[in-house]
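K.L.:
Sharing a structure below in structure tokens format, with a few things to ask.
The values are calculated or read from the model by the stated rules, or taken from the named source; none is laboratory data. For clarity, every value in this text was computed on a predicted model and none was experimentally measured. Every residue, glycine among them, receives a Cβ derived from its backbone with ideal geometry; neighbour counts consider all protein chains shown. These accessible areas exclude ligands, DNA and RNA; they are computed on the full protein's heavy atoms, side chains included. Shrake-Rupley method; radii C 1.70, N 1.55, O 1.52, S 1.80 Å.
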Amino acid sequence: MDIMKNYHSGFGLHGIIRSFQNSFRGFRVLLRNEYNLYIQLAFAVVATVCGFIFRISTDEWAIQCAVIGLVIFSELVNTAIEKIMDLVQPQYDERVRDIKDLASGAVLFMVLVSVAAGLFIYIPKVLPFIL
């Protein structure tokens, strides 16, 4: 019972601070373990710089920020699923492989959606310079 008391710090300021600390720690775990995230973050930075260069609209900023956030979110969920499956079944199991591949496929799907969104935003802005 003492373990639960230490883990749950309540609804006060200390509990809120602890919750944010845990969330940031989770993001650090992601940064340490998922090198694909660095590629995704690099593309996010490039897209953000392009947003300023091409002066994209408020709606386009909203779409761009949403897909960037969803890619990072999907990577967080994928990593959590992989860690859970490693804990549940440390030995190779085709079912675990399928679960991990499905989670990874969700990240790939979200990356493809973000690429499509980027093309919809930037092709009309780049075409006048090419044609």
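K.L.:
Probe radius 1.4 Å, ligands and nucleic acids ignored: give me the carbon and sulfur share of the accessible area of region 38-131 as a rounded percent. If you can, show how the numbers build up before the last one.
P.N.:
On the way: 4860 of 6490 Å².
That fraction is 75 percent.
K.L.:
Let me ask another. Which is the longest run of the chain containing none of the chymotrypsin sites (Phe, Trp or Tyr not before Pro) found in DSSP loop states (not H, G, I, E, B) with at most 11 other C-beta atoms within 10 Å? Display every interim value, and only then the final one.
P.N.:
Numbers: sites that count: PHE11, TYR35, TYR92.
The reported range is 36-91.
K.L.:
Picking from ALA47, MET110, THR79, whose Cα lies most toward the positive end of the charge dipole for the chain (charges on Cβ: Lys, Arg +1; Asp, Glu -1)?
P.N.:
Working it through, the farthest residue towards the positive pole turns out to be ALA47.
K.L.:
Kindly write out, for region 104-113 in residue order, the coupling ³J(HN,Hα) from the Karplus curve 6.51 cos²θ - 1.76 cosθ + 1.60 (θ = phi - 60°), rounded to whole Hz, with x marking Gly and Pro.
P.N.:
5, x, 5, 5, 4, 4, 5, 5, 5, 4
K.L.:
Further question on the same structure: Normalised by the number of residues in the chain, what is the relative contact order in percent for Cα pairs under 8 Å and 6+ residues apart?
P.N.:
Details: 53 pairs, mean separation 33.2, N = 131.
Contact order relative to length: 25 percent.
K.L.:
Select from region 20-56 those trypsin sites (Lys or Arg not before Pro) which occupy a DSSP coil region and have at most 10 other Cβ atoms within 10 Å, ordered by residue number. Show your work: numbers first, answer last.
P.N.:
Working: sites: ARG25, ARG28, ARG32, ARG55; in loops: ARG55.
Loop-located and lightly packed - ARG55.
K.L.:
Here's something else I'd like to know. Diagonalise the Cα gyration tensor of the chain and give the resulting equivalent ellipsoid semi-axes, square root of 5 times each eigenvalue, largest first, whole Å. Before the final figure, lay out each step's value.
P.N.:
On the way: eigenvalues 254, 100, 22 Å².
In descending order the semi-axes read 36, 22, 11 Å.
K.L.:
From the helices alone, meaning DSSP H stretches of at least four residues, give me the mean residue ellipticity at 222 nm for the chain, per-run term -39500 (n - 2.57), in deg cm²/dmol to the nearest 500.
P.N.:
So the helix-based figure for the chain works out to -30000 deg cm²/dmol.
K.L.:
Using unit Cβ charges (K, R positive; D, E negative) and no other charged atoms, how large, in debye to the nearest 20, is the dipole of the chain about its Cα centre? Intermediate values should be presented prior to the final figure.
P.N.:
Details: 11 positive and 11 negative charges, 85 e Å.
It comes to approximately 400 debye.
K.L.:
If you don't mind, there's one more thing I want to ask. Please give the per residue accessible area of the chain, computed with a probe of 1.4 Å over protein heavy atoms only, in Å². Please report the intermediate quantities before stating the final value.
P.N.:
Numbers: 9870 Å² over 131 residues.
Accessible surface, normalised per residue, equals 75 Å².
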